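Remarks on the structure that follows.
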Amino acid sequence: MKIAFLFPGQGSQQVGMGKEIFSLYSKEKEIFQQARKILGFDVEKLCLYGSEEDLKKTYYLQPSLLILSYITAKLLEKNGIYPVAVAGHSLGEWTAVAVSEVVDYPDALKIIYQRARLMEEASIRKGGGMAAVIGLNREKVINICQQVGEVEAVNFNCPSQVVISGKKEKVDEAGKRLKREGAKRVIPLPVSGAFHSFLMREAASKFSKVLDKFKFFSPRYPIVCNASACYAKTNDEVKRNLKKQMDHPVLWEDSMKRLIRDGVNVFVEVGPGKVLQNLLRRIDKGVTTLGVESKEDIEKLCNYLGKRGQATFLLQ
């Protein structure tokens, strides 16, 4: 049995997220004290009591989601559950980097703070929007976007879902044309900007310089990267891919197929929601997909993997 940890990105947040997880982690207070010192706001309070509007703000959401998924992964490791590889969707790739110890946890927070700030600034200056296209293959979506111009196919999530991103009016125009070409639905996404598109190019250039200020280590677990759908096994490979991530497409379907080809047959979504589990079921119905959002989820996972009793003991 081969296990991969998958870390969700923006869009997976929920009001009250972390309620079932935070109290289980022995280093919880230390984690949040570091976060408050680095970020300047109370991540624990935001996760537990923040409004839906608060959780939509890039500046607040990105570090909060990273911390929640990071704590959840540490709980799994505490219970003897380790992956053969990790991957994260967009923002989630940074959780994969932190869990793989490519950067120190405090540095991961400092980096994600800068990432969120640069993306927020780019969104304010350049605007833009995103939409999920349901029911058309990637070639058709790419072709229509190229015809419309100033809109790109940026997230290849599964065979029937591609996300487009770019200037708001061009996203709307492409959406109308894609519907005429047979798309079942085109769903505008509740995001503040045109992530992973050309409108993030300036922010990506600035972020690349930010990354050069931090020390990167070889990953504890191989990371399947968004920008290449290939493994990064050295610190330089990880950094090189992360420099591309902000303004390049997320090759999620390709990444999952890479893991499946290499024998991974259990995928654990480590963090809130079921977005990545649902995408995987559309990519390959033959693999096992599980989620972890509570003590009960961890116990079920331990039992499924033959670690019966261990979770109950460690989580008391």
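The values are calculated or read from the model by the stated rules, or taken from the named source; none is laboratory data. No experiment lies behind these values; they were computed from the predicted model shown. Positions of Cβ are generated from backbone atoms using ideal geometry, with glycine treated the same way; all protein chains shown enter the neighbour counts.
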Q: Kindly provide the set of residues from the stretch 238-247 that are touching a residue at least 12 places away in the same chain (Cβ under 8 Å) and either surrounded by fewer than 20 Cβ atoms within 10 Å (Cβ to Cβ) or among the hydroxyl-bearing types (Ser, Thr, Tyr) (or both), ordered by number.
A: Lys239, Lys243, Lys244
(Q) Need the failing condition index for Val186 against (1) more than 20 Å from Met119 (Cβ to Cβ); (2) β-branched (Val, Ile, Thr); (3) free of Cβ contacts under 8 Å to residues at least 40 places away in the same chain, just the number. (A) (3)
(Q) I'd like the full set of residues that are touching a Ser or Thr at 6+ places or on another chain (Cβ under 7 Å) and either part of a helix (DSSP H, G or I) or among the hydrophobic types (A, V, I, L, M, F, W, C) (or both), limited to the stretch 126-150. (A) Met130, Ile134
Q) Quick check: anything in the stretch 114-128 farther than 30 Å from Ser218 by Cβ, of a type in the set (A, V, I, L, M) and crowded, with 18+ Cβ neighbours inside 10 Å? A) yes
Q. Do you know which residues across the stretch 138-149 are surrounded by 18 or more Cβ atoms within 10 Å (Cβ to Cβ) and touching a Lys or Arg at 6+ places or on another chain (Cβ under 8 Å)?
A. Ile144, Val148
Q | Elements of type helices (runs of 4 or more DSSP H) contained in the stretch 199-316, each with 2 or more residues being modelled with pLDDT of 95 or more and within 16 Å of the chain's Cα centre (by Cα) | A | 235-245, 252-261, 275-283
Q: Filter the stretch 118-148 down to residues that are under 22 Å from the mean Cα position of the chain (by Cα) and among the charged types (D, E, K, R) and give me whichever is nearest to Arg177 (Cα to Cα).
A: Arg138
Q: Within the stretch 10-68, track down each residue that is among the hydroxyl-bearing types (Ser, Thr, Tyr) and at pLDDT below 85.
A: Ser12, Ser23, Tyr25, Ser26, Ser51, Thr58, Tyr59, Tyr60
Q: Considering every residue within the stretch 19-41, establish whether at least one is among the aliphatic types (A, V, I, L, M), touching a Cys at 6+ places or on another chain (Cβ under 7 Å), in a loop (DSSP other than H, G, I, E, B) and crowded, with 16+ Cβ neighbours inside 10 Å.
A: no
Q) Do we find that Gly135 is surrounded by 24 or more Cβ atoms within 10 Å (Cβ to Cβ) and at positive phi in this structure? A) no
Q.
If a residue must be in contact with a helix residue (DSSP H, G or I) (Cβ under 8 Å, 6 or more places away or on another chain) and either polar (S, T, N, Q) or over 18 Å from Glu120 (Cβ atoms) (or both), how many such residues does the stretch 37-66 contain?
A. 7
Q. Aromatic (Phe, Trp, Tyr) and closer than 16 Å to Glu20 by Cα - does that describe any residue in the stretch 50-69?
A. no
